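J.: What follows is a structure written as structure tokens; I'll ask about it next.
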Amino acid sequence: MSRQDRRRFEKEFKKLPKGDNCMVCGSDFPHNSKTFGGLTGDGKTVLAGECCSHRLATIMVSGLYVTQLVDTLATIGKKGTAAKSGGASTNVEGAISAIQSHFADLGAHTNALMRQAGIQKQAKGVFLGEHPWKADDAAWFKNHPERSHRLRPVLEGEAEMISAKIPKDQIPLNHRIEIVVRQVEPGKRIRASFCRNTELDIPDQEEIIHAIFDAVASAAEGKVIDLRETLERARQYANSRAQRLN
């Protein structure tokens, strides 16, 4: 490819919409899948997924599509640049492969934790580093060994880590974003965020917070949690716990 054609491609590629779909077949990009920027047979500049990479006449750039928030990418920088023998392109492919492998391993561990917690959904974010909100949760559960669930406000440094961000102007009056936490075992916790009605008093009781967590974790995005269903769920948990103690 001539330098002029390469410059034309780079200019057109930068103008492509930042979408979540293959521009050849329209399929959604799966999480942790490779993407390819290049030219079709008729010279059109596109971004394609693994599904249609074979349909590109020329592949110019490659990347990785991910939807999961993580705080561990910096730890694989050395691994990602390990392949040096093939020049710059090999280094890029080596970095992509390393990150893809990292996400695959992370996904296997988090999926196992989600199943252990009884949650059918996939985790939207995984945070293994040190964060103030993690330390606060760890200390709270250590001081409340009888509890497996906690309801609390959004803590320092946590807002940007919440995957489902709601613009402030879209939060209803007398509502705020809060976090409900399930400790699966010490050091392994799952958080879910929801928009809470602050005019509704929520007793800090294990059965009630347990019911809220289950309602939030199982609800479709944007769904309003039914108060009566949640209270009934809490009553069932309380009865079940009383029977176990007896």
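J.: Among Leu128, Leu173, what is the fewest-to-most ranking by other Cβ atoms within 10 Å?
T.: Leu173, Leu128
J.: Just checking my list (i) -0.26, -0.96, -1.22, -1.37; (ii) -0.21, -0.94, -1.29, -1.50; (iii) -0.36, -1.03, -1.20, -1.29 against log10 I(q)/I(0) by the Debye sum over Cα atoms at q = 0.07, 0.14, 0.16, 0.17 Å⁻¹ computed from this structure; which label fits?
T.: Computed from the coordinates, log10 I(q)/I(0) by the Debye sum over Cα atoms at q = 0.07, 0.14, 0.16, 0.17 Å⁻¹ corresponds to (iii).
J.: Next question. How much FRET efficiency would the formula 1/(1 + (r/R0)^6) give for Ser53 and Asp5, where r is the Cβ-Cβ distance and R0 is 25 Å, rounded to 0.05?
T.: So, using R0 = 25 Å, E works out to roughly 0.80.
J.: Of all the stretches in the chain, which is the longest one without any exposed loop site, taking GluC sites (Glu not before Pro) in a DSSP loop (any state but H, G, I, E, B) with at most 13 other Cβ atoms within 10 Å?
T.: 1-129
J.: I need the trypsin sites (Lys or Arg not before Pro) found in the stretch 3-52, filtered to DSSP loop residues with at most 16 other beta carbons within 10 Å of theirs.
T.: Sites meeting the loop and neighbour criteria: Lys15, Lys18, Lys44.
J.: Now, a different point. Taking the Cβ-Cβ separation of Lys142 and Arg241 as r and a Förster radius of 22 Å, what is the calculated FRET efficiency to the nearest 0.05?
T.: Values: r = 21 Å, r/R0 = 0.97.
That pair, Lys142 with Arg241, gives E of 0.55.
J.: To test your reading of the geometry: what angle, between 0 and 90 degrees and rounded to tens, separates the Cα axis of helix 132-143 from the longest principal axis of the chain?
T.: In the chain, helix 132-143 runs at an angle near 30 degrees to the longest axis.
J.: While we're on this one: Do the sum for the chain: with -39,500 (n - 2.57) for every DSSP H run of n ≥ 4, divided by all residues, what is the mean residue ellipticity at 222 nm, to the nearest 500 deg cm²/dmol?
T.: Working: 6 runs with 89 residues, N = 246.
Mean residue ellipticity at 222 nm (helix-derived): -12000 deg cm²/dmol.
Quick note: the coordinates plus some simple rules give every number you see, no bench work behind them. None of the values given here were measured: they were computed from a predicted structure. Neighbour counts are summed over all protein chains in view; Cβ atoms, including those assigned to glycine, are modelled from backbone coordinates with ideal geometry.
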